[in-house]
Structures are given as C-alpha cells and as structure tokens.
1. Can you give the extra length, in nm with one decimal, that the chain gains between Lys14 and Glu219 once fully stretched, where that is 0.36 nm per residue apart less the Cα-Cα distance?
2. With label points built 7 Å along Cα→Cβ from the Cα atoms of Leu41 and Leu363, find their separation and express it in nm.
3. Starting with the highest mean, order 188-197, 129-138, 246-255 by the number of other Cβ atoms within 10 Å, averaged over the residues of each peptide.
4. Kindly flag which residue pairs out of Lys82/Lys215; Lys82/Lys283; Lys87/Lys149; Lys83/Lys224 have an alpha-carbon separation exceeding 32 Å in this structure.
5. For the chain, what is the mean residue ellipticity at 222 nm derived from helices alone (per DSSP H run of n ≥ 4: -39500 (n - 2.57); sum divided by total residues; nearest 500 deg cm²/dmol)?
6. Ratio of segment 68-207's C-alpha Rg to 2.2 N^0.38 Å, to two decimals?
7. Quickly work out the Asn286-to-Glu355 label distance, labels modelled 7 Å from Cα along the C-beta direction, and quote it in nm with one decimal.
8. Check cross-link reach from Lys3 to the aspartates and glutamates: straight Cα distance under 20 Å, and skip same-chain residues fewer than eight apart.
Amino acid sequence: MSKLLTPIDKNGLKLKNRVAMAPLTRCRAGEDDVPQPMSELYYAQRASAGLIITEATNITPKSCAFEKAPGIYSAAQVQAWKKISDKTHAAGGTLFMQLWHCGRVGSDAVLNGNAPLSPSGINDDLHSLIVYGLMANGRYAQITATPSKEMTIQEIEETISDYAHATENALAAGLDGVEIHAANGYLIHQFLSPTTNQRTDDFGGTLPKRLEFLKRVIEAVLSKAPKSKVGIRISPFAAYNNTRDPNPEETYVAVAKLVEEFGLAYMHLADTNAWAGAPDMEKILNIVKPNYSGCLIGNGGIEPDQAINMVESGQVDIVAFGRAFIANPDLAIRIAQGGPYNEARYVGWYGGDEEGYTDYPSL
Ligand code: PHB
C-alpha cells in the first residue's frame, strides 16, 4: 500500500492516513453566518480523509471576504459546528478548523457598512483583492474591495483576543484542532509583508516586528489549545490578494523558525500559484524544511500520483487536496483503489444549496 494511505503519528498529530482535505470556501452559512445542517452531511461524507481542514471560518464579524462564509464567534455558530463535528467523528473523521481574519480583503458592503481592517491601510491595489458578495438573485459575484483602515493598537489587541476566543469556541464545538490561516493575502500575511505592513510601532518596521502579530496570535491560540492541536497555513510566494513580499525567503525562514520554537503540530504549505499552473513547491520546501521539524502538509494542484511520490520520497508528510475533494467525497478510498475520479463542476462552487455540494457520488 502506498505510504499516502498509511497512518501518521508525528509531533502529536495522529491521523489514520496522510490524505487531507484542504480548506474550501463554499459560502453556505445561513442567518448570522451560522453553518446550515447541509454542512453536517458535506463534512461527514468526506471522513475518509485522515484530516479535514474546514473552510476558512471568520473569527469575528469584522472579517469577511466571502459573504456567507461561516463564523466561529457566536454561541449559535458553536452549536451548529458541534453538530458538524459530531457527525464527522461518527463517520471516523478528524476535523481542524481554519481560523480566518481577512483583514484588508473585504468590502463595507459585506462588513455591515464598516471599513475592512488592515495593518497600514494600503489601498493602492483594491482591484486585485478577491471579495465575493451575494446578489439579490441568490448568485455570487466578485465585488470590488473598499478601502481598509489602519488598525489601532487597541484593534490589534482585540483581534489577538478574537483568535483566543475562536480557538476556545472551536474546541467547545468538538473540533480536533485549529489551523491558523497565515496565507493567501489575509490579515496575518498582510502583517508579514513589508508592502502591506508599513507600521512604525511594535507590529511593523523590522522583520521581527512584522512577525510580532503572528507571534502574538500563536500565543493566544496556544493559551486555549495544546500545540498538538494547532497547525498553520502559509503561502510565501502567493500572488493571490497581492501581498507583494519582496523577500519571501527571508520572511518565511523566520516564520518557519518561529513555528518550530512554538512546536506547532504542522505547517500547511499552500502553493497557491500552482492553481494558475506556476508551482513554487520546491522553493517553499527549501525555505521550510531546514527550519521546521514537524509535519509538513503539501497543497496546491497536486494530483494523486504525484502525492503518492511526494509522501513516499519524504518531501512532505501529508498532501491536502481541494478541488478533488469537492468532487470526490470518498477521495482517500478512491486513491487507495487507483480511481476513478469524478470531475468538479463549477455549479455550486461558491454558495447555493445541496447542488454541487453534497450531491457528488461516492463509489
Ligand atoms: C486558503 O486557505 O487557501 C484559502 C482560504 C480562503 C480563501 C482562499 C484561500 O478565500
């Protein structure tokens, strides 16, 4: 049997196989961004994965890049997520929640009239930020980001507390752990890049100061969860959401060293440019591998055969699949059998009902 299908027990992370489901924004929350019952079936259907990482989940109503993405800040959301984790566990799955703050990637149209929050109010590139809103006819459409405002120290401290609160809520909802989303141009990534972080206080200016927000977030999360239940997702080279780090090698060697010091369970390497056919995985691994000894999850346009080789050769410990899990609820079982695979349809990718969500057949 391929190593990809074998259990892993490393750095406190124990999984039945090395096939992970990547975080997938699906925009199906109901009123007040509470997940709806159809998400119970959606996640439980995918329990063949050794690890399911939930869709990016907002830690505060001050964060929104995709209207109707769920939250994890209210009691009603915790109750709804509890049903999801119960059903996923009953099906044999393991579920980590991706904790999301979108920072400047937002619009006052989806933030109750408020401006998005960001490290430095850099707004020269609003056209390149990916924000989706729900139209009156029920369809989703990309909308233009509106200018963000530079966070005050008090807003930074409140946001750090939001991460602790969200972690507490995720564990109360029965999730097996949390993933700190530090990738793809969202708030933490914005603090890491000197282009989007031009602060001159404790949170910006030098590399250690650009790392300070991430450090404080990790500390906040670890105040509520053991390190074996905490992972982090990074995307050093991602063009997505235009974070424009001029020296990703320097920034992410420091990030990997920081994560190593804290001993987090895994680093999830998002090769986001591979979505557009320009993979950076080798460069990412060259940065991270010498500096971090825990579990590495590779993600971004990786086909099953390639995943088998990457795990067999020790390049990564686990591979996360996104699109393949949209279309193949039983993906790990299909990989074990060498396929066949359903193709993902665009219908219902973002928003909608059961169509394109829970109606893909298992073998
Ligand atoms: C990701 O984790 O890669 C991710 C999450 C939410 C997005 C885009 C990417 O909107």
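Bear in mind these aren't lab numbers, they're just calculated from the coordinates by the rules spelled out. Quick caveat, the model's predicted, so the values are computed rather than measured. Don't worry about glycine lacking a Cβ; one is built from the backbone with ideal geometry, like all the others, and counts go over all protein chains shown.
1. Values: separation 205, 0.36 × 205 = 73.80 nm, distance 2.27 nm.
The span from Lys14 to Glu219 would gain 71.5 nm if fully extended.
2. Between Leu41 and Leu363, the simple spin-label model gives 2.3 nm.
3. Details: 188-197: 24.1, 129-138: 15.4, 246-255: 17.9.
For the peptides 188-197, 129-138, 246-255, the packing ranking is 188-197, 246-255, 129-138.
4. Numbers: Lys82/Lys215 29 Å; Lys82/Lys283 38 Å; Lys87/Lys149 40 Å; Lys83/Lys224 21 Å.
Going by Cα-Cα distance, Lys82/Lys283; Lys87/Lys149 fall outside the 32 Å limit.
5. Numbers: 10 runs with 110 residues, N = 363.
Taken over the chain, the calculation gives -9000 deg cm²/dmol.
6. On the way: Rg = 16.7 Å, N = 140, 2.2 N^0.38 = 14.4 Å.
Computed over Cα atoms of segment 68-207, the ratio equals 1.16.
7. Roughly 4.7 nm, to one decimal.
8. Partners found: Glu303, Asp305, Glu312, Asp317, Asp330.
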